[in-house]
Amino acid sequence: MTVSANEVKKRGVSLFGELLEKWDEVIINFRGEKKYVVMDIERYKELRALELDRAYTEVMEDIKNEDYHTDIAKHLKEIADV
């Protein structure tokens, strides 16, 4: 569901309660551009848990493939080069 920022301004945050009863998330358009997403906190927690699970899986794969190092100086250089 997409609403304009002006609609949110007019109706306030109570608008989200109504819309989230029907949809998983509400996209807010700002000056014709999709800018923000509002979702129920439980949905956010589910998505965040999936994100963390994926990061964990990637790290474990790196460890399995020995694709890591423990050299702090090398790590700091990699960060500086980004």
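The values are calculated or read from the model by the stated rules, or taken from the named source; none is laboratory data. Just so we're clear, the structure is a prediction, and the values are computed from it rather than from any experiment. Heads up, the Cβs are rebuilt from the backbone with ideal geometry, glycines too, and the neighbour counts pull from every protein chain shown. What goes into the accessible areas is simple: the full protein's heavy atoms, side chains included, and nothing from ligands, DNA or RNA. Shrake-Rupley method; radii C 1.70, N 1.55, O 1.52, S 1.80 Å.
Under the condition of being at pLDDT 95 or above and among the β-branched types (Val, Ile, Thr), the residues counted in the range 1-40 number 5. Scanning the range 1-40 for residues that are out of contact with any Lys or Arg (no Cβ under 8 Å at 6 or more places or on another chain) and among the charged types (D, E, K, R) turns up Glu7, Lys9, Lys10, Arg11, Glu18, Glu21, Lys22, Arg31, Glu33, Lys34, Lys35, Asp40. The selection criterion, being part of a helix (DSSP H, G or I) and open to solvent by 80 Å² or more (accessible area, probe 1.4 Å), holds for Lys9. Being of a type in the set (A, V, I, L, M) and within 26 Å of the chain's Cα centre (by Cα) is the filter; apply it to the range 58-82 and report the residue that is surrounded by the fewest Cβ atoms within 10 Å (Cβ to Cβ). Going through the qualifying residues, I end up with Val82. Among the residues of the range 12-35, the one identified as of a type in the set (A, V, I, L, M) and loosely packed, with under 13 Cβ neighbours inside 10 Å is Val13. Counting residues in the range 40-48 that are open to solvent by 80 Å² or more (accessible area, probe 1.4 Å) and more than 13 Å from the chain's Cα centre (by Cα) gives one or more.
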